Amino acid sequence: MEHELLAPPPPYSDHDADQPPQYEATVKFPAQLNGYFQWRFTTTFHLGPSGDEKLYAVSTQASLFKSKQSLTLHDGPTEKSPVMAKVESTRYVNDKPFTISIPSRSGSESIPITTRVENLHPSAKRTIYSFSFPVPARSSNRHRLHYHYHNTTSNTNPPTDTKHPIPTSAPSPLPSAESTPSTQNLTRLETFEWRRSYGKEIQDLAPNSFGWKLVRLSRRVRGHSTSRSGRPRGNTSDGKEVVAVIAHNSSWSMTKGFKFAFLGTGLSGRLGGDWEVMVVMSALQLWNMDYQDQALVAGAST
């Protein structure tokens with residue numbers, strides 16, 4: 001009996017902690033989420049990986065005629081579920097900053113975080129929203145964080161590494177995220193940018209659509225290109241990594257409004273559960289801004 005020769009295994013190499021993960025390991029949320037709405041008018045919509053698994057409620061106090069607007073993300077499927085994060089903004093939000101608040105979690109040592117998201121070019125055609133946020137220091141990356149979005153009571157704080165503390169540093173002058181001395185040895189401040197996009201990452205998620213991509217400024221990727229067709233997925237023209245995207249739903253579905261996904265190191269869990277909450281909440285706000293713009297245009301044309 002003849003035996004087929006098998007190819008030898010690839011040579012062993014150490015894992016690069018900065019490389020995008022090859023498997024899903026998010027902390028708080030599934031890797032992908034959809035926004036689900038109801039046919040009748042309601043102030044609540046839901047997030048989940050499928051229509052049969054709507055995990056989180058989002059309550060709105062948004063009206064085209066109110067000067068103050070807010071979105072509240074709940075850690076569960078109803079408005080009575082605990083608040084995970086809240087964003088507040090003024091009526092005309094497209095040229096204004098907005099603020100996201102993440103409360104401390106009951107039964108944990110987490111602290112409240114308030115982050116300001118700035119429009120870097122309020123009068124320009126190219127829109128970029130920037131924020132800085134504390135993420136776990138690299139010394140704690142060897143402690144893997146596992147995918148447990150269904151457990152809303154889990155403590156997602158990264159373990160403490162007291163032998164090799166890394167001080168917090170701010171790569172951006174934006175006074176966006178708050179910290180305390182007790183957390184400075186555990187986290188570092190990184191800056192991220194939401195950039196409007198029609199690129200590959202958006203098209204993979206929702207073909208023929210548009211949306212926003214979140215760029216991690218501290219991480220430079222290899223093989224980047226200024227040509228859109230010549231650069232790999234997940235890379236920007238300036239050599240940065242895309243870690244999340246949100247796309248308007250391009251289908252005719254009236255109940256699925258958008259699609260969201262973590263990408264690259266955003267899937268690794270190394271940036272922390274609070275970071276994931278911040279990303280989802282800011283993505284929801286950007287989608288809401290676009291939605292209100294479209295509603296205003298539609299109203300003006302009738």
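The values are calculated or read from the model by the stated rules, or taken from the named source; none is laboratory data. Owing to the predicted nature of the structure, the values given are computational and were not obtained by experimental measurement. FYI the Cβ positions are ideal-geometry reconstructions off the backbone, even for glycines, and counts take in every protein chain you see.
Miscellaneous remarks
- Those residues of the stretch 191-210 which are hydrophobic (A, V, I, L, M, F, W, C) and touching a helix residue (DSSP H, G or I) at 6+ places or on another chain (Cβ under 9 Å), in sequence order: Phe192, Trp194, Phe210
- Pair list, Cβ under 8 Å, 6 or more apart: the stretch 59-76 residue of a type in the set (Asp, Glu), other residue at pLDDT 80 or above: Asp75/Tyr56; Asp75/Ser81; Asp75/Pro82; Asp75/Val83; Asp75/Met84
- Inside the stretch 59-97, residues that are outside any loop (DSSP other than H, G, I, E, B), in contact with a Leu (Cβ under 8 Å, 6 or more places away or on another chain) and at pLDDT below 80 make up a count of 0.
- Restricting the stretch 176-201 to residues that are under 18 Å from Ser130 (Cβ atoms) and among the hydrophobic types (A, V, I, L, M, F, W, C), the residue that is modelled with the lowest pLDDT: Ala177
- In the stretch 255-293, the residues that are outside any helix (DSSP H, G or I) and either under 19 Å from Ile102 (Cα atoms) or among the basic types (Lys, Arg) (or both): Lys256, Lys259, Gly269, Arg270, Leu271, Gly272
- When Glu24 is tested against (1) modelled with pLDDT of 75 or more; (2) in contact with a Phe, Trp or Tyr (Cβ under 7 Å, 6 or more places away or on another chain), just one condition goes unmet, and that condition is (1).
- Number of the condition not met by Pro165 [criteria: (1) at pLDDT 90 or above; (2) in a loop (DSSP other than H, G, I, E, B)]: (1)
- Selection status of Thr43, in contact with a Ser or Thr (Cβ under 6 Å, 6 or more places away or on another chain), among the hydroxyl-bearing types (Ser, Thr, Tyr) and at pLDDT below 95: yes
- Scan of the stretch 31-46 for residues that are more than 23 Å from Gly211 (Cβ to Cβ) and of a type outside the set (Val, Ile, Thr), ordered by number: Trp39, Arg40, Phe41
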